[in-house]
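To start, the structure under review is shown below, and the notes come after it.
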Protein chains: 2
Amino acid sequence: MTTATAPPDPGGLDQDLVRNEVDGVLDGFLTRKAGTFAEQQLPAEVTDVLRDFLHAGGKRIRPLLCLAGWHAAGGQGRPRAIGQAAASLEMFHAFCLIHDDVMDQSDTRRGHPAVHRTLAAHHTHGRTSTAADRLGTSAAVLIGDLALVWADELLHTAGLTRRQLTDVLPLIDVMRTEVMYGQYLDVTATGTPTGDVERALSICRYKTAKYTVERPLHIGAALAGAGPAALAALTAYAIPVGEAFQLRDDLLGVFGDPALTGKPALDDLREGKATVLAALALRHASRVQADQLRLFLGCRTLTDDQADTAREIIVATGAAHRVETMIADRYERALRHLESAPFEPASADLLREFADSAVRRQT
Amino acid sequence: MTTATAPPDPGGLDQDLVRNEVDGVLDGFLTRKAGTFAEQQLPAEVTDVLRDFLHAGGKRIRPLLCLAGWHAAGGQGRPRAIGQAAASLEMFHAFCLIHDDVMDQSDTRRGHPAVHRTLAAHHTHGRTSTAADRLGTSAAVLIGDLALVWADELLHTAGLTRRQLTDVLPLIDVMRTEVMYGQYLDVTATGTPTGDVERALSICRYKTAKYTVERPLHIGAALAGAGPAALAALTAYAIPVGEAFQLRDDLLGVFGDPALTGKPALDDLREGKATVLAALALRHASRVQADQLRLFLGCRTLTDDQADTAREIIVATGAAHRVETMIADRYERALRHLESAPFEPASADLLREFADSAVRRQT
């Protein structure tokens, strides 16, 4: 029962609440798909694997920001259609991660075997291990593809008005091109990092700032009928926060505690990820330091000792400190924009909290 | 100038005319994308590679059938929006083929290097050949993903009415799930073919009959406002023709002339494709024949002599003859439906021609 002294309705932006809502939509969708497949005598493997993947973890950041965008732009209550549109972003994200793991040949994700590894293990019978691995990769590409088109189906069947649908489709289109382009830049730059800080920032912007923060906010806001001014205000907040989020990720990828991040602290170095951190280190390194770094970054057999040396060089060049400064600058800029933005209070609170966690997180 | 004796307007269903129209739309789209990327200092590789791929060949079957569906259901003239919606199916098909080649690890497509091979060759500088191959595969997965989302963008920006868009999106959703599911069944069955004819027919139906024939016709018809009866009439034609098309493909994959089909005559056997042809051969083989076939089908090192023996067994079991009979039955069934269907004459002519070429083709 609501009383006069109850806190104002936070617009349902509580993280656990949103997670339950999103997971309920995704579970329901996959259960219906599994039912249709069963009627057609098709195997349940696809829906089972995808459901397990979605349940294994993930912070539901994009649906949360989508709902924050909805409320920020004046959306009232939480119509079912809006919840489902927000959930569709999590299904799209499953696509991104499944393909990402195939491309990176990662063994694990969220502490479980990566989808392609799970599928290879499912299909060893009557196959060599090479053939099973190949099948696992192919099947994971296809499950990723299905997650992508099911994200669309969730959106198309959410019950949005025709107006909402036609307003939001261009943003979905642009979000997808941006994240794929960012991934493309990342994939083609990985293994041959250079001192090109601009390129690294470009990857960071497309792959993360726009995809993870700006576009989810825009999509939610567009569903509430937001005009160009509201979208621009969200952008002014989203891009610095999103860049800070990725810059923190780059630092955690090299200096993070594997027990907290859930991924080996050697991966980014061994892959030779073309991060801003790596670019700054290479740009400000002495000749000797640069030669050594180039040898280490992208070396698939990098040892723990070599990794420690690489970390020392990165610190010695001032790159780690520079990245911390960039994060702090961006955080301040985002908060400044937030203070002057016309967002309703509960959304502004969530965006402030998100900015805090983006820059302070250890996982 | 039209005179009283001129032949009736064929509704613009001439294959060369449609190809030009489709290619014009796709070229224009990629040129605009390349322009946007250039403004953002992003590399042109993605659009260049995709353009080359689209120009390298392909029969534009799906756009043609989409337009046939449009006219069959009473669509008048050829609004620009309808042409662009039809072209979007070709962009989607590029996605299918690029990912297909990654999954099959094919070296060539349409007589040119497969996209992942082209990209590996672009990025050899500073990389081992293993690293370049891996990059080529990752980049091809991403270009495939982009083709998929750009197919959507072509549709969303075609200028369809809101009504047309909301009518057609559910069909796009179902088409994509069907073809991916068919691919999934195919990928997981490949390498371990059995005598399970039903499974093989299921793959054939989802991967080809529905994807290549039924859904393009439905999509075109839905754009013209077709109701359930018209869609059902198109299905009655499309499923048998589509199955016949794939059954012919299965025969060509084993008995075809590589000079005409453009792919090595050993591939299907070496892959161990779970075709209806292989299933029938295994089902009707003697124990000795079956043992030998199981040894050959899926053997990556199959020699020409062994392939000849496999072909002899397939013929001796009666499987090749049975498949020919299935093709003939399906062709007749499709034409019978076509005769009684209420389609306007130019579309009916095209559908008759398509059925002829589907069963008689040598490539």
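Considered as an equivalent ellipsoid built on the Cα gyration tensor, the range A:291-363 has semi-axes of 38, 13, 9 Å, the largest given first. List the residues whose amide H sits under 5 Å from the amide H of B:Glu344, counting only those 5 or more places along or on another chain, with H placed 1.01 Å from N in the peptide plane. The answer is B:Gly74. Highest mobility in the GNM of chain B, judged by mean-square fluctuation with C-alpha springs under 10 Å and restricted to B:His218, B:His116, B:His321, is found for B:His321. Note on chain A: helix-only mean residue ellipticity at 222 nm, from DSSP H runs of 4+ residues weighted -39500 (n - 2.57) and normalised by residue number, equals -23500 deg cm²/dmol. Here the 3J(HN,Hα) profile of the range B:62-78, calculated from phi with Karplus coefficients 6.51, -1.76 and 1.60 at θ = phi - 60°, is 5, x, 4, 5, 4, 5, 4, x, 4, 5, 4, 8, x, x, 9, x, 9 Hz, Gly and Pro shown as x. Across chain A, Cα pairs under 8 Å and at least six residues apart give a relative contact order of 19 percent. Taking every alpha-carbon pair within the range A:162-363, the share separated by more than 28 Å comes to 32 percent. Within the listed set B:Met326, B:Met103, B:Met180, the Gaussian network model of chain B (springs between alpha-carbon atoms below 10 Å) gives the highest mean-square fluctuation for B:Met103. Considering only A:Arg294, A:Arg163, A:Arg270, the mean-square fluctuation computed in a Gaussian network model of chain A, springs between alpha carbons under 10 angstrom, is largest for A:Arg163. Across all C-alpha atoms in the range A:190-300, the radius of gyration and Dmax reach 16.8, 56 Å.
Taken residue by residue and averaged, Cβ atoms of other chains lying within 10 Å of the Cβ of A:92-103 number 2. Taking Cα centre as origin and charging only the Cβ of basic (Lys, Arg, +1) and acidic (Asp, Glu, -1) residues, the dipole magnitude of chain B rounds to 420 debye. Given a Förster radius of 45 Å and the C-beta distance between A:Thr124 and A:Ala229 as r, what FRET efficiency does 1/(1 + (r/R0)^6) yield to the nearest 0.05? Plugging the Cβ-Cβ distance into 1/(1 + (r/R0)^6) gives 0.20.
Across the range A:40-84, the residues whose backbone nitrogen lies under 11 Å from the label position 7 Å along the beta-carbon direction of A:His112 are A:48-58.
Projection of the Cα convex hull of the protein assembly as shown, averaged over all directions and equal to a quarter of that hull's surface, yields 35.2 nm². Converting phi to 3J(HN,Hα) with the Karplus coefficients 6.51, -1.76 and 1.60 and the offset θ = phi - 60°, the range B:231-242 yields 5, 5, 5, 5, 4, 4, 7, 6, 5, x, 5, x Hz in sequence order, with x at every glycine or proline.
Here the protein assembly as shown is treated with +1 on each Lys and Arg Cβ and -1 on each Asp and Glu Cβ, and its dipole about the Cα centre works out to around 320 debye. In order along the range B:296-312, the phi-based Karplus estimate (6.51 cos²θ - 1.76 cosθ + 1.60, θ = phi - 60°) of 3J(HN,Hα) comes to 7, 6, x, 7, 5, 10, 3, 8, 4, 5, 5, 4, 4, 4, 4, 4, 4 Hz; Gly and Pro are listed as x.
In terms of its C-alpha gyration tensor, the range B:69-133 has a prolate overall shape, because the principal axis ratio a/c (a ≥ b ≥ c, square roots of the eigenvalues) is not below 1.5 and a/b outweighs b/c. Structural descriptor for the range A:162-363: relative contact order 26 percent, calculated from alpha carbon pairs under 8 angstrom and at least 6 residues apart. Counting only the Cα atoms, the range B:98-139 fills a convex hull of 57 Å³ per residue.
Once the gyration tensor of the Cα atoms in the range B:125-218 is diagonalised, the equivalent ellipsoid follows with semi-axes of 30, 26, 7 Å, ordered largest first. In a simple Cβ point-charge model (Lys, Arg +1; Asp, Glu -1; nothing else charged), the range A:162-363 has a dipole of about 440 debye relative to its Cα centre.
Note on B:Asp14 and B:Leu260: with the Förster distance fixed at 22 Å, the Cβ-Cβ geometry gives a FRET efficiency of about 0.40. Shape class of chain B from the Cα gyration tensor (axes a ≥ b ≥ c, square roots of the eigenvalues): oblate, since a/c reaches 1.5 or more and a/b does not exceed b/c.
Applying a threshold of 27 Å to the alpha-carbon distances of A:Lys59/A:Lys210; B:Lys210/B:Lys273; A:Lys210/B:Lys207; A:Lys59/A:Lys207; B:Lys59/B:Lys273; A:Lys207/B:Lys207 flags A:Lys210/B:Lys207; A:Lys207/B:Lys207 as lying beyond it. Seen from a random direction on average, the alpha-carbon convex hull of the range A:12-160 projects onto 9.4 square nanometres.
Taken together, the values in this text are just the output of simple stated rules run on the coordinates, not laboratory data. Keep in mind the model is a prediction, meaning the values are calculated, not measured. Glycine gets a Cβ as well: all are built from the backbone with ideal geometry, and neighbour counts include every protein chain shown.
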